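Inspection log for the structure reproduced underneath, given as structure tokens.
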Amino acid sequence: MPPTTAAAAATALPSPSHRRVPAAKSVWLNPNLPTSHPLHQRHKSAAELQQRQHEDRTIDVPALVTALSAARKAPDLAAVLAPHRPVSARLLGALLSRLTDPRRGVALLDLLAPDLPAPALLIPYNLLLRSACRAGELRLASGLLLEMRERGVTPDAFSYSTLLAALTRAGHLDHALTFLPLMEDDAVAPDLILFSNLIHLALRGGDAPKALTLFSRLRAAGIRPDLKAYNAAVAAYCKSDLIRDAKWLLLHDMPAHGVAPDAQTYSPILSALARRGRHLAAVSLFSHMRAVARVKPDLSVFNIILNAYGQLDLAREADRLFWSMRRAGVPPSVVTYNTMLRVYGDAGLFGEAVHLFDLMRSASDGNGGAGSGVKPNVVTYNTVIAIYGKSLEDEKAGRLVQDMQAIGVQPDAITYSTILSIWVKAGKLDRAAKLFEKLREAGTEIDPVLYQTMVVGYERAGLVSQAKRLLRDLKDPEGIPKETAIKILASAGRLEEAAWLFRRAANTGEIKDSSVHRAMMDLYAKNRRHRNVIEVFDEMRKLGQLPDSETIATAMNAYGKLKDFDKAAALYQAMREAGCVFSDRVHFQMISLLGAQKDFKELEVLVGELSHDPSIDKRELYLVAAGVYERAYKIDKASQIISQIRSSNEFDVQKVR
């Protein structure tokens, strides 16, 4: 710009301060900018800020809070705050942090929000969120977070963690999970603590598939799990019967990341091995835990291994371990004593069992002794009653029921089913039937075991009509939850009765337990009613329940039997994208379905993906693929895979040598 033009522009600009601008610097002035000098403006805004802070400090905040708490309507709030408008963010935060009623705080924020720009509203909203969560107003807190986003106030990590932590503590897992996509949209990454809380909540709710999905999200977010997260993931794998995946985490992934396991890491795996009857593997892992990992067993681990010894007919080893627990600093609990009673009973060591039981009863009588402090409970009595049944002492078993009632231990359904079973085996069916009818008339809770005991007893005695009468009663149960009745009928293999009652309960929305859906799917699958399997599976999905690996395998098998390969593939892909952790059976089933569909291109892609998954048994994977090619008469491809398996085996042998 020529000097004359710059000078003309400078003289044309009005200057409230009438401060002279040197001609040489007149070229810096922009006619489109505000008239005040930037430095002058900064001094002015700083002065205003200082004045506002001084005014905030002179305000009697407690008195203002008292006046706001006494206000009954919005005009009253406005009148109290009128002398202080426009308010600063600092004053608004001070007021919100002192108001105990979150709904009054919402009214205050709605009134004063126009005084502040959107970014300045973040802290007030966070204070309101915290207040609403502390007051248990979770619906209000959820609405506040959504309102923040609508007003252009981006929630931060504190906003989400406060709300999600409150939702998880209250048990609203599904509602909490709906905010995870919003966190991604707002570029707020969930932290390790939040993921751990969500995983533990899913486990407490019995939803292991959802827990594994959350753990997969944690890993995908690049967050390194700590011991708490690993323990939760191991427990979720074990609840889903994915024991190999749990052991891989324990023996490979955790050491690779420098996370040392503890007894709570081993306990779920040992328990899962015991549930599957792999007691020798449980004992082997217990030896690894003590000798290699140098992890001190806790009470639950001791209980699991005592039971494993009993199942392996190693009663003497169990006896030595039991009496060494106190020396190891782990005093036995009533569960430990009950386990040892069962071990003695299964081994036929009735004398040892009765002696241990007498020690426990001496504790309940207050006489002290070696069993002092461990009093028998209903499980103890149930176990000893079963031992008397094994020794054919049904009269002693009956008297023991009276003894437990005399000391205030009330029999449960297992007590009654045990004594009923003993009497049925002893040929005292009339006595068993009278007790069963007496229990029904008294309104005693009837569980599936108790009903099954009488049904089996009647059938063994040839009283088929009585057995059918009991089963007919379950179609219109009185005093028995319909979910329980359905599981009884399904476990008894009564297809038509179970299907009729399930459809009736499903139509009225009475089916909430996913185990009922699984029981019906298994029953339909056994009877080759594949379309009904899919119907029950769809019903389960409509309720928002995340299926486990075995349920998905059952549904995919049904799709395969119906030749509906596309839906099977869509289900497999959708569940993988949702983060579900599959057992090998599901993956291998998908390979078989692709083979049946003659889609060998997709089959090769899937086998290639699975071959890089460390949790997949590679030998089984290649054997399944070879079998698919063999059934499709692709003998060359099948023999090529078999040759690869043999060569890899020879390589492994050479490495071991």
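The values are calculated or read from the model by the stated rules, or taken from the named source; none is laboratory data. Being a predicted model, the structure only gives us computed values, none of them experimental. All Cβ positions, glycine included, derive from the backbone under ideal geometry; neighbour counts span all protein chains shown. Surface areas here come from the heavy atoms of the whole protein model, side chains and all, with no ligands, DNA or RNA. Shrake-Rupley method; radii C 1.70, N 1.55, O 1.52, S 1.80 Å.
A few remarks follow.
- FRET efficiency for the pair residue 528 and residue 631, taken as 1/(1 + (r/R0)^6) with r the Cβ-Cβ distance and R0 = 25 Å, rounds to 0.75.
- The count of lysine pairs in the stretch 475-580 that are at least 8 places apart or cross chains, and whose C-alpha atoms lie under 24 Å apart, stands at 18.
- Listed by chain and number, the lysines placed with their C-alpha closer than 27 angstrom to that of residue 375 are 296, 390, 396; residues fewer than eight positions away on the same chain are left out.
- Accessible area per residue in Å² at 1.4 Å probe, computed on the stretch 475-580: 48
- Global form of the stretch 278-334, assessed from the alpha-carbon gyration tensor, a/c cut-off 1.5: oblate
- Averaged per residue, the stretch 71-142 has 49 square angstrom of accessible surface, using a 1.4 angstrom probe with ligands and nucleic acids left out.
- Given R0 = 56 Å, the distance between the Cβ atoms of residue 597 and residue 63 translates into a calculated FRET efficiency of 0.15.
- For residue 275 and residue 377, the difference between the fully extended length at 0.36 nm per residue and the C-alpha to C-alpha distance is 34.4 nm.
- Distribution of pairwise C-alpha distances over the stretch 582-651, 10 Å bins, in %: 21, 57, 22, 1
- Taken over the stretch 475-580, the percentage of Cα pairs per 10 Å bin, counting from 0 up to the bin with the maximum distance, is 15, 48, 29, 8, 1.
- All alpha carbon pair distances within the stretch 59-189 were sorted into 5 Å bins beginning at 0; the resulting P(r) in whole percents reads 2, 11, 22, 22, 18, 12, 7, 5, 1, 0.
- Shape of the stretch 304-368, Cα gyration tensor, a/c cut at 1.5: oblate
- P(r) tail fraction, the stretch 205-312 - alpha-carbon pairs more than 22 Å apart, %: 27
- Within the accessible area of the stretch 475-580 (1.4 Å probe), percent carbon and sulfur: 42
- Paramagnetic label reach from residue 110 (point 7 Å along Cα→Cβ; backbone nitrogen cut-off under 19 Å): within the stretch 60-83, residues 68-82.
- Between residue 182 and residue 260, the distance separating the two model label sites (each 7 Å from Cα on the Cα→Cβ line) works out to 4.2 nm.
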